[in-house]
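A quick write-up on the structure given underneath.
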Amino acid sequence: MGFVSAILGFCGFGVGVSCGLTIGYYLFIYFQPCDVKDPVIRPLVERDSKSLQQLLSEIPLWVKCPDYDRVDWLNKFLEYMWPYLDKAICRTAKDIAAPIIAEQIPKYKIDSVEFETLTLGSLPPTFQGMKVYVTEEKELIMEPSIKWAGNPNVTVAVKAFGLKATVQVVDLQVFAAPRITLKPLVPSFPCFANIFVSLMEKPHVDFGLKLLGADLMSIPGLYRFVQETIKDQVANMYLWPKTLEVQILDPSKAMKKPVGVLHVKILRAMNLKKKDLLGASDPYVKLKLTESKLPSKKTPVRHKNLNPEWNEEFNMVVKDPESQALELSVYDWEQIGKHDKMGMNVIPLKDLTPDESKTMTLNLLKNMDVNDAQNDKDRGQIMVELTYKPFKEDELPKDFEDNDAAHKVPEGTPPGGGVLMIIVHEAQDVEGKHHTNPYVKILFKGEERKTKQVKKNRDPRWGEEFTFVLEEPPVNDRLHMEVVSTSTRIGLLHPKETLGYVDINLSDVVSNKRINEKYHLIDSKNGRLQVELQWRTAS
């Protein structure tokens, strides 16, 4: 009898404790105090030092850290746009989640998972400040401090085995310090190709989770476990140096990097027309690729010859064979005055078969207007030999950021040859004594190239690119770059002056494949010139 009493007593104790915990839990959840008073708002000057120290964590970063900028305009923008952003973000989230849910629910024998309500609430996130980094690369780095104490309402209904359970997420708080990098910066809208997002520290995430009307986060121990689990999972995926990459544009197309080389051989011209008074002409050929900033190339002048032969070869870097074309123009050289144009023609590169040599005889036209009757007039012919050699896919770097990889030039380039790329980015603190209208003059292997002139600017930006096809690595060569200013006024007094120059040894470029530095200009007080050099080797 005593044994039975002990068993019944133990069961009664167990049932009583269980019922007590359950009833107490629901009383704790559903019964809230009704005598809660609004906090008393007092000026900061009336608070003691201890209270002020507790408030330091709530002070915006732009107050505590001078390298953070105020972004009130962005918070105001979010405030007005939030109702529309809310709907757009929720719609996008549903579209992304739908196929993932449909793929996963069969594994757990769940009938359906649906969003009954999905809204981010009426309170937008706020930016406490933003830090912006300036680097010498084509990138923009931002580190905002984001705080969001929102009132979202996310209700998810789960159906399984004929039962339905509703889970609701409320009172969400997220504090995060992400690093957002826009790179590379490109001259095509929206002016950056990729977005890289990473977290500089573990985020703070707090929320309420209601199941069957009860807040599960009130269960002792569960809140801490869920919060730490979320922090660890997010940190494992996105804590710096790990990043989330979102591609906006194809960098190779946006930057229009070289994809091949066009070999051009100007053979001869036939039956040219007389331009000089003495019954002859002095012809030469100018050739250039459309959509290219590089200057035209020229053949030598053949004096008093209507059937000249040149057999001159040129190499031209191709960036877009689908849209670019080779433009050939024949001129009559004049010792005094303007050179007379004898005719022209254009060859689209898309008409050329890669790696195949093609000899073409073209009629010279006045212009490329098919409706111009003057194009029917006989102006002579020009004969050229063309070979387009594209870069091989396996020889190009797979990633845009793989700058250390050796870019290959096509077959046919002399052994050890390659392409030297010079990108003139900008100059800083250049100033002339009489005028400051700077441009950069490049001297290399007897060739001279120039950037565009920027008028009345001490910190000009060019972003112009120049290429040199070389037969061997420029290990022992030096690159001379000079910042020059010319007067925009008509007159002979101080027409041109040098703002500074620099001589760059190219041996480091050959060994490192890429260098992007700011060089201090010689004969300039504080002037600097940022230049990027790349060496693309031959196979």
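The values are calculated or read from the model by the stated rules, or taken from the named source; none is laboratory data. Nothing here was measured: the structure is a model prediction, and the numbers come from that model. Cβ placement follows ideal geometry from the backbone for every residue including glycine, while neighbour counts extend to all protein chains displayed. Accessible surface is based on the protein model in full, side chains and every heavy atom, while ligands, DNA and RNA are left aside. Shrake-Rupley method; radii C 1.70, N 1.55, O 1.52, S 1.80 Å.
Restricting to the range 188-204, what's the tally of residues that are open to solvent by 60 Å² or more (accessible area, probe 1.4 Å), closer than 24 Å to A177 by Cα and either of a type in the set (A, V, I, L, M, F, W, C) or modelled with pLDDT under 80 (or both)?
1
Which residues, counting only those in the range 88-123, are outside any helix (DSSP H, G or I), open to solvent by 60 Å² or more (accessible area, probe 1.4 Å) and among the aliphatic types (A, V, I, L, M)? Within the range 88-123, L123 is the sole residue that qualifies. Once the range 378-393 is narrowed to residues that are over 19 Å from A269 (Cα atoms) and not in a strand (DSSP E or B), the residue that is least open to solvent (accessible area, probe 1.4 Å) is F391. Across the range 356-377, the qualifying residues are those that are modelled with pLDDT of 85 or more and assigned to a loop (DSSP other than H, G, I, E, B), and the one among them that is nearest to the chain's Cα centre (by Cα) is E356. Close contacts from the range 470-486, counting a first residue that is of a type in the set (K, R) and a second that is exposed (fewer than 14 other Cβ atoms within 10 Å of the Cβ), with Cβ to Cβ under 7 Å and a gap of 6+ residues or different chains, come to R478/D503; R478/N505. Among the residues making up the range 304-319, those that are within 32 Å of the chain's Cα centre (by Cα) and either assigned to a strand (DSSP E or B) or surrounded by fewer than 17 Cβ atoms within 10 Å (Cβ to Cβ) (or both) are N315, M316, V317, V318. Every condition in (1) free of Cβ contacts under 8 Å to residues at least 40 places away in the same chain; (2) of a type outside the set (A, V, I, L, M, F, W, C); (3) in contact with a strand residue (DSSP E or B) (Cβ under 6 Å, 6 or more places away or on another chain); (4) open to solvent by 30 Å² or more (accessible area, probe 1.4 Å) holds for E448 except the one numbered (3). Could you list, in sequence order, the residues of the range 422-469 that are assigned to a loop (DSSP other than H, G, I, E, B) and β-branched (V, I, T)? Matches in the range 422-469: V430, T436, T451, V454. For F466, are the conditions met, namely being among the aromatic types (F, W, Y), out of contact with any His (no Cβ under 6 Å at 6 or more places or on another chain), over 23 Å from D523 (Cα atoms) and open to solvent by less than 70 Å² (accessible area, probe 1.4 Å)? The answer is yes for F466. Kindly provide the set of residues from the range 331-347 that are touching a strand residue (DSSP E or B) at 6+ places or on another chain (Cβ under 7 Å), in a loop (DSSP other than H, G, I, E, B) and basic (K, R), ordered by number. Scanning the range 331-347 gives no hits.
Take F161 and decide whether it is over 29 Å from F196 (Cα atoms) and either in contact with a strand residue (DSSP E or B) (Cβ under 7 Å, 6 or more places away or on another chain) or without any contact (Cβ under 8 Å) to a residue 60 or more places away in the chain (or both). Against the criterion (over 29 Å from F196 (Cα atoms) and either in contact with a strand residue (DSSP E or B) (Cβ under 7 Å, 6 or more places away or on another chain) or without any contact (Cβ under 8 Å) to a residue 60 or more places away in the chain (or both)), F161 qualifies. For the residues K350, K265, K293, K273, the requirement of being open to solvent by 60 Å² or more (accessible area, probe 1.4 Å) and outside any loop (DSSP other than H, G, I, E, B) singles out K350. With respect to S485, determine if the residue is within 25 Å of P295 (Cα to Cα) and hydroxyl-bearing (S, T, Y). Spelling it out, S485 is indeed within 25 Å of P295 (Cα to Cα) and hydroxyl-bearing (S, T, Y).
Each residue in the range 332-368 was checked for being in contact with a Lys or Arg (Cβ under 6 Å, 6 or more places away or on another chain) and among the aromatic types (F, W, Y), and 0 pass.
Just give me the residues in the range 126-154 being open to solvent by less than 50 Å² (accessible area, probe 1.4 Å), part of a loop (DSSP other than H, G, I, E, B) and either of a type in the set (G, A, S) or in contact with a Gly (Cβ under 7 Å, 6 or more places away or on another chain) (or both), in sequence order. Those that are open to solvent by less than 50 Å² (accessible area, probe 1.4 Å), part of a loop (DSSP other than H, G, I, E, B) and either of a type in the set (G, A, S) or in contact with a Gly (Cβ under 7 Å, 6 or more places away or on another chain) (or both): G150, P152.
A residue that is open to solvent by less than 50 Å² (accessible area, probe 1.4 Å), farther than 24 Å from L420 by Cβ and in a strand (DSSP E or B) occurs somewhere in the range 470-492. Which of the residues that make up the range 58-87 are open to solvent by 60 Å² or more (accessible area, probe 1.4 Å), in contact with a helix residue (DSSP H, G or I) (Cβ under 8 Å, 6 or more places away or on another chain) and closer than 15 Å to K147 by Cα? R70 - this is the single residue of the range 58-87 that is open to solvent by 60 Å² or more (accessible area, probe 1.4 Å), in contact with a helix residue (DSSP H, G or I) (Cβ under 8 Å, 6 or more places away or on another chain) and closer than 15 Å to K147 by Cα. Can you report the number of residues in the range 205-227 which are surrounded by 12 or more Cβ atoms within 10 Å (Cβ to Cβ) and not aliphatic (A, V, I, L, M)? The total comes to 8. Please go through the range 164-179 and give me each residue that is within 30 Å of Q104 (Cβ to Cβ) and either surrounded by 15 or more Cβ atoms within 10 Å (Cβ to Cβ) or touching a residue at least 60 places away in the same chain (Cβ under 8 Å) (or both), ordered by number. Matches in the range 164-179: V167, Q168, V169, V170, D171, L172, V174, F175, A176, P178.
Counting the residues of the range 236-251 that are charged (D, E, K, R) and open to solvent by 90 Å² or more (accessible area, probe 1.4 Å) gives 2.
Cβ-Cβ distances below 6 Å connect the following pairs, each with a first residue in the range 327-352 that is at pLDDT below 90, a second residue that is assigned to a loop (DSSP other than H, G, I, E, B) and hydroxyl-bearing (S, T, Y), and a separation of six or more residues or different chains: D332/S281.
Let's see how each residue does on (1) modelled with pLDDT of 85 or more; (2) over 30 Å from N345 (Cβ atoms); (3) charged (D, E, K, R):
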| residue | (1), (2), (3) |
| --- | --- |
| R379 | no, no, yes |
| L386 | yes, no, no |
| K389 | yes, no, yes |
| L420 | yes, yes, no |
| E426 | yes, yes, yes |
| T436 | yes, yes, no |
| Y439 | yes, yes, no |
| K450 | yes, no, yes |
| R458 | yes, yes, yes |
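If the condition is being of a type in the set (A, V, I, L, M, F, W, C) and under 17 Å from A157 (Cα atoms), then the range 75-109 contributes C90, A93, A97, A98, I100, I101, A102, I105.
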